[in-house]
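So the structure is just underneath, and the comments pick up after that.
The values are calculated or read from the model by the stated rules, or taken from the named source; none is laboratory data. Fair warning: this is a prediction, and the values are worked out from it, not measured in the lab. Backbone-built Cβ (ideal geometry, glycine too); neighbour counts: all protein chains shown. Ligands, DNA and RNA are stripped out before the accessible areas are found, and what is left, the full protein with its side chains, is counted by its heavy atoms. Shrake-Rupley method; radii C 1.70, N 1.55, O 1.52, S 1.80 Å.
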Amino acid sequence: MLDKARQGIARVEAVSLSDKHTFSKESKDSIHLVAGLGVKGDAHFGATVKHRSRVAKDPNQPNLRQVHLLHKELFAELKEDFTIKPGQMGENITTSGIELLKLPTDTVLHIGETAIVKVTGLRNPCAQIDHFQPGLLKAVLGKDAAGNVVRKAGIMGVVLQSGVVKRGDAIRVVLPKGPFKKLERV
């Protein structure tokens, strides 16, 4: 599932947030992750769900989408048809050197000096992505050999331990005890 030899040095490439429910987030020098709540100052900050469609269904459900992480490598994959910069796809943390989509559920990411994030699942891209750049939704949704949907728009997590995260910070991956549980959309 996870090829450690291909995992290079994992780093934070950029950090972003938006205090409004906008599709893209503004790049910052640093962001402050708060245990149990998410990214301080971000519209998705809180113990209960903040995503508008999920709030409409049940505003009391736990917020499993406190932090959105996206791999910089996706920008390179899409560069022939799209120009995307960190934060523009709504991520809080843009990473490099880690195959985020191959991580199992409950993987723990130690980011920077003290922040710890537990991976909860895949980001499910919505139609808003096509308002950002037409055709992007189709580009970040694919099918595997068995015909299953492959979501490439990053992963979501919850903050286990508070800390400041900034560009250049190292990311250390701690896999959960097996058997591994494949990431599902959250």
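The share of Cα pairs per 10 Å bin across the stretch 7-78, counted from zero up to the longest distance, runs 18, 44, 29, 8, 0 percent. Adding -39500 (n - 2.57) for every DSSP H run of four residues or longer, then dividing by how many residues the chain holds, sets the calculated 222 nm ellipticity at -2500 deg cm²/dmol.
Using heavy atoms of the protein chains and a probe of 1.4 Å, the accessible area assigned to Thr95 is about 0 Å².
A 1.4 Å probe, protein heavy atoms only, puts the accessible area of Val49 near 10 Å². Shape summary of the chain, radius of gyration then Dmax from alpha carbon positions: 15.3, 43 Å. Considering only Leu100, Leu141, Leu109, the mean-square fluctuation computed in a Gaussian network model of the chain, springs between alpha carbons under 10 angstrom, is largest for Leu141.
Note on exposure: Leu103, Leu64 ranked by accessible area (1.4 Å probe, complete protein assembly) read Leu64, Leu103, with the most exposed listed first.
If you put +1 on each Lys and Arg Cβ and -1 on each Asp and Glu Cβ, how big is the dipole of the chain around its Cα centre, in Debye rounded to 20? Please list the in-between numbers first.
Numbers: 29 positive and 19 negative charges, 72 e Å.
That gives a dipole near 340 debye.
Given a cut-off of 15 Å, what percent of all Cα-Cα pairs of the stretch 138-183 lie beyond it? So the pairs more than 15 Å apart make up 69 percent of the total in the stretch 138-183.
Please tell me which of these pairs span more than 29 angstrom C-alpha to C-alpha: Lys20/Lys85; Lys102/Lys138; Lys79/Lys177; Lys138/Lys166; Lys102/Lys166? Violating the 29 Å limit, Cα to Cα: Lys79/Lys177; Lys138/Lys166.
Translational diffusion coefficient of the stretch 80-186 at 10 °C, 1.306 mPa s, Stokes-Einstein with Kirkwood Rh over Cα pairs, in µm²/s as a whole number. List each step's numbers first, then the result.
Details: Rh = 15.1 Å.
The Stokes-Einstein estimate is 105 µm²/s.
Which one of Ala145, Ala14, Ala76 has the biggest mean-square fluctuation once the chain is modelled by GNM with Cα springs under 10 Å? Maximum among the listed residues: Ala145.
When only alpha carbons are used to place a centre, the stretch 24-60 and the stretch 74-120 end up 16 Å from one another.
Hey, what did the chain get for relative contact order, percent, Cα under 8 Å, at least 6 apart?
Values: 455 pairs, mean separation 57.9, N = 186.
Rounded, it is 31 percent for the chain.
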